[in-house]
Amino acid sequence: MPPNKQMPDPLLFTETISPTDEAGVAEAVRRAAEEGKPVWPLGGGTSFECGLHAAKSGVGLSLAKLNRVVDHADQDLTVTAETGMTAAALAKTLAVKRQRLPVDVPQPERTTLGGLVAANPAGPRRYGLGTIRDYLIGFRAVDGQGTVFAGGGRVVKNAAGYDLCRLMVGSRGALAVLTQVTFMVRPEVEAETILAVGLPDDQTAEHLLAGLAQMQNPPVAIDLVAGPSWRNEPMVSWVDAGPSGRLLVGFEGTKPEVAGMSEAFAIACRRLGLPAPEMISSGKVDSLYRRLTELPVPSSDTERPLIVRIGVLPSAVVPTARRLRELDASCTVEAHAGDGILRVRFTRSAEETKKFVTEQLRPLAASVGGVATVLAAPAGAGLDRQTIWGPPGDGASVMRALKDRLDPKGVLSPGGMAFC
Ligand SMILES: Cc1cc2nc3c(=O)[nH]c(=O)nc-3n(C[C@H](O)[C@H](O)[C@H](O)COP(=O)(O)OP(=O)(O)OC[C@H]3O[C@@H](n4cnc5c(N)ncnc54)[C@H](O)[C@@H]3O)c2cc1C
């Protein structure tokens with residue numbers, strides 16, 4: 001991989017330092033706080049590559065050298081590791097004991113455990129398996145003054161008190177630098193499959209989605225995909241895809257469970273007059289889940305698309321997708337339909353992006369009771385925080401107070417969140 005794909009644009013950082021242990025991280029933050037210099041914790045740098053750049057230049061604090069497994073208590077189904085370790089390296093360790101951290105991780109060879117917790121990405125299996133917040137049970141971190149603190153523990157039933165783990169999830173390096181995390185893990189599953197069926201119209205799509213929500217043994221993933229990027233996707237045939245796109249439904253469990261769930265889904269399709277679903281061969285299941293998780297890494301700045309995430313109630317996914325198609329027939333929609341999360345990819349020039357987001361997309365999201373967040377934008381679009389995140393919302397003053405308590409000098413990732 002070329003070096004510029006490994007780390008974010010070095011111009012954002014006046015210097016990048018790589019401590020070898022937690023004490024080194026604490027010392028680096030302490031020094032930055034004394035000098036009033038911004039500090040940007042760095043994992044694999046994948047979100048910076050999406051276009052979510054540091055808002056001010058400062059010191060890049062790489063966690064790359066904190067990359068050890070501290071303890072894999074396989075009989076207790078927990079693992080503790082340093083946050084610079086990649087998700088792929090952790091998966092390899094867990095696989096030795098036929099265990100897994102069952103969350104969808106984009107670019108696992110590069111995404112670090114710290115970046116996974118701090119950016120809180122999600123994929124299709126969020127519907128059945130949850131996100132990293134459901135597995136994080138403990139952490140160690142350094143606050144904005146260089147003080148080490150910890151939350152949770154290494155056992156599933158740990159100390160009472162405020163759940164600080166959840167505070168760290170999605171904190172984007174603005175509250176603390178995570179140095180160590182403990183996750184609950186799960187045994188590997190015996191069988192998994194993805195079934196795909198074309199959607200001739202929105203009414204059929206809504207009937208099918210409503211039926212899936214009621215299944216006794218629910219799927220782990222319910223994704224709806226439509227648009228040009230998926231028409232060229234070789235992993236799924238597109239022959240029977242109708243105007244409303246395709247539904248991809250993932251099941252996992254024991255072999256008889258997966259066979260039973262697949263049969264129930266096929267019956268539901270038949271009742272709606274649909275053809276038998278296409279079964280994605282087992283060798284392609286992992287790649288397809290990965291495709292449904294990842295944001296595309298742009299090959300050049302000029303090709304970087306505008307990608308917006310719109311969160312709505314699951315029952316509003318189909319009408320929202322229709323409104324998006326009406327707004328721009330060439331957009332690509334990838335919806336984690338069971339969770340009400342749509343990711344929509346548009347081709348827009350840098351100049352027109354801000355107006356399009358604020359005057360068209362955000363009002364569209366609000367009209368269906370949802371919220372829109374920009375995940376990636378064309379280079380040079382120059383989006384401000386308000387355009388990326390939308391209005392800060394009712395909790396902003398509480399979040400601001402938390403930020404002030406943990407990082408009184410405001411050195412950690414300044415401007416990285418909507419409220420600070
Ligand atoms: C809101 C949001 C949603 C996203 N959704 C997706 C998605 O659906 N699919 C996808 O492919 N990608 C998504 N991304 C990109 C996502 O950032 C990466 O996929 C990945 O999780 C980041 O891991 P990383 O190691 O590359 O972290 P980096 O890109 O290096 O950092 C990500 C953020 O975490 C902070 N951070 C990193 N390490 C630490 C640490 N040890 N302690 C504290 N903070 C730290 C950074 O300062 C930065 O703010 C999303 C990003 C954001 C912000």
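Please report the carbon-and-sulfur percent of the accessible area for the chain; probe 1.4 Å, protein heavy atoms only, DNA, RNA and ligands left out.
53
Roughly how many nanometres apart are two label points built 7 Å out from the Cα toward the Cβ at N67 and T358?
With each label point 7 Å from Cα toward Cβ, the separation is 4.2 nm.
What is the spin-label model distance, in nm, from R270 to H207 if the labels are put 7 Å beyond Cα along the C-beta direction?
1.5
For S315 and E34, calculate 0.36 nm times their separation in residues minus their Cα-Cα distance, and state this gained length in nm to one decimal.
That works out to 96.1 nm of additional length.
Which value in Å is the Kirkwood Rh of the stretch 208-273 over different Cα pairs?
Radius from the Kirkwood sum: 13.0 Å.
When you take every Cα atom in the chain, what is the radius of gyration, and what is Dmax, the widest Cα pair distance, in Å?
Final numbers for Rg and Dmax: 21.7, 68 Å.
For K354, go through the lysines and keep the ones whose alpha-carbon is under 29 Å away, minus same-chain ones fewer than eight residues off.
Cα-Cα hits under 29 Å: K5, K56, K403.
Which peptide among 309-315, 265-271, 279-285 comes first, and what is the full order, when sorted by highest mean count of other Cβ atoms within 10 Å?
Averaged packing, sorted descending, gives the order 309-315, 265-271, 279-285.
Please compute the modelled spin-label separation between A191 and R98, points set 7 Å along Cα→Cβ, answer in nm with one decimal.
Computed distance between label sites R98 and A191 equals 1.6 nm.
Applying 1/(1 + (r/R0)^6) with R0 = 30 Å to the Cβ-Cβ distance of T14 and R154, what FRET efficiency is obtained, to the nearest 0.05?
Efficiency computed from Cβ-Cβ geometry: 0.20.
Arrange the peptides 113-119, 141-147, 28-34 so that the one whose residues have, on average, the most other Cβ atoms within 10 Å appears first.
Put in order of decreasing packing, that is 113-119, 141-147, 28-34.
For the stretch 301-383, with only Lys/Arg (+1) and Asp/Glu (-1) charged at the beta-carbon, what is the dipole magnitude about the Cα centre, in debye rounded to 20?
That gives the stretch 301-383 a dipole magnitude of about 160 debye.
Calculated FRET efficiency, S57 and A396, Cβ-Cβ r, R0 25 Å, to nearest 0.05?
Once rounded, the FRET efficiency stands at 0.50.
What ranking do 333-339, 400-406 get when scored by the average of other Cβ atoms within 10 Å per residue, highest first?
By packing density, highest mean first, the sequence is 333-339, 400-406.
So what are the ³J(HN,Hα) numbers for the stretch 171-181, from phi and the Karplus equation (6.51, -1.76, 1.60; θ = phi - 60°), rounded to whole Hz, Gly and Pro as x?
Per-residue couplings from phi come out as 7, 6, x, 9, 10, 6, 9, 6, 10, 8, 9 Hz.
Which whole-Hz ³J(HN,Hα) couplings does the stretch 103-120 yield from phi under the Karplus relation 6.51 cos²θ - 1.76 cosθ + 1.60, θ = phi - 60°, glycine and proline marked x?
Each residue of the stretch 103-120 in turn: 10, 6, 10, x, 6, x, 5, 10, 5, 8, 5, x, x, 5, 6, 6, 9, 6 Hz.
Could you point to the residue in L313, L208, T347 farthest towards the positive end of the chain's charge dipole, with +1 and -1 charges on the Cβ of Lys/Arg and Asp/Glu respectively?
Toward the positive end, the furthest listed residue is L313.
The values are calculated or read from the model by the stated rules, or taken from the named source; none is laboratory data. None of these values were measured; they are calculated from a predicted model. Ideal geometry is used to build each Cβ from the backbone, glycine not excepted, and the neighbour counts take in all protein chains shown. Surface areas here come from the heavy atoms of the whole protein model, side chains and all, with no ligands, DNA or RNA. Shrake-Rupley method; radii C 1.70, N 1.55, O 1.52, S 1.80 Å.
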